[in-house]
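Chemist: Quick one: structure below, then a few questions.
Values in this text are rule-based calculations from the coordinates and carry no lab data. Predicted, not measured: the structure shown is a model, and the values here were computed from it. Cβ: placed from backbone, ideal geometry, glycine included. Neighbour counts: every protein chain shown.
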């Protein structure tokens with residue numbers, strides 16, 4: 001492919017963490033009095049950095065109850081997320097995809113909304129960190145998380161790539177919007193356990209130029 005680099009999201013693309021995080025967080029939020037359907041949760045929150053995510057949740061809490069969220073609000077939601085992560089799995093073919101992407105275009109990166117310590121831990125646990133290193137970047141490093149383009153522009157700068165010649169693989173509407181705002185080509189990935197019927201259409205509507213259902217299709221596309 002005629003590209004400078006391929007940039008991968010992590011959660012829901014390389015590791016099947018989104019479906020687990022959503023399950024644990026929705027349960028914790030239910031206990032706090034906030035209820036979301038799975039589809040609503042994906043639509044509103046998927047792909048956001050925790051800063052923006054908790055700002056929205058706390059606004060919802062205030063709207064629902066007329067008061068600020070309790071002091072331990074974030075701690076309880078994060079505990080729900082962590083409980084589910086024991087079941088974390090790699091998305092089938094992610095390891096082969098990282099290798100093939102590097103062989104195809106030479107430069108790859110991971111650019112994620114995850115906090116840095118969680119991002120590194122997930123990739124190492126799934127045996128993917130060494131395949132993506134050294135260019136693994138968390139939105140902790142930039143001022144604004146997705147859907148702002150900052151993390152993708154940061155990754156492109158670090159790997160010496162022209163944003164207009166970068167391909168992004170993303171599973172969330174917020175991530176697709178971020179990649180497009182960075183001036184990059186974006187493919188929507190629907191191989192994660194959180195992707196419901198119609199998810200590909202939502203990614204396309206957000207600007208994804210192609211929908212990739214799994215890494216078999218990705219490998220064919222970059223061959």
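Chemist: What do you get for Rg/Rh of the chain when both radii come from the Cα atoms and Rh is the Kirkwood radius?
Modeler: Numbers: Rg = 16.8 Å, Rh = 17.4 Å.
The Rg/Rh ratio comes out at 0.97.
Chemist: By average Cβ neighbour count within 10 Å, what is the ranking of 61-69, 185-193, 157-165, 39-47 from highest down? List each step's numbers first, then the result.
Modeler: Working: 61-69: 12.3, 185-193: 23.2, 157-165: 15.1, 39-47: 18.8.
Ranking the peptides 61-69, 185-193, 157-165, 39-47 by packing returns 185-193, 39-47, 157-165, 61-69.
Chemist: Hey, what angle do you get for helix 18-31 against the long axis of the chain, alpha-carbon based, 0 to 90 degrees rounded to 10?
Modeler: Roughly 10 degrees between the two axes.
Chemist: Something else: Principal axes first, then extents: for the Cα atoms of the stretch 120-223, list largest minus smallest coordinate on each axis, whole Å, largest first.
Modeler: Each principal axis gives a Cα extent; for the stretch 120-223 these are 34, 30, 27 Å.
Chemist: Using Cα atoms only, what is the angle between the long axis of helix 116-125 and the major principal axis of the chain, expressed in degrees (0 to 90) to the nearest 10?
Modeler: Compared with the principal axis, the helix lies near 60 degrees.
Chemist: Stick to the Cα atoms of the stretch 66-179, pair each with every other, and give me the Kirkwood hydrodynamic radius in Å at one decimal.
Modeler: Values: mean 1/r = 0.0639 Å⁻¹.
Computed over the stretch 66-179, the radius equals 15.7 Å.
Chemist: Further, regarding this structure: Counting pairs of Cα atoms in the stretch 19-86, how many percent are more than 15 Å apart?
Modeler: On the way: 1120 of 2278 pairs.
Tail of P(r) above 15 Å: 49 percent of Cα pairs.
Chemist: Among bridges DSSP assigns within the chain, what percent are antiparallel (round to 5)?
Modeler: On the way: 1 of 19 bridges.
Just about 5 percent of them are antiparallel.
Chemist: Expressed as a whole number of Å, what is the distance separating the alpha-carbon centroids of the stretch 12-43 and the stretch 47-100?
Modeler: 7 Å
Chemist: Next question, about the same structure. How far apart, in nm, are two points set 7 Å out from the Cα along the Cα-to-Cβ line at residue 88 and at residue 31?
Modeler: The answer from the label model is 2.1 nm.
Chemist: Further question on the same structure: How far apart, in nanometres, would the label points at residue 124 and residue 63 be if each is projected 7 angstrom from Cα along the Cα-to-Cβ direction?
Modeler: Here the modelled spin labels are 3.9 nm apart.
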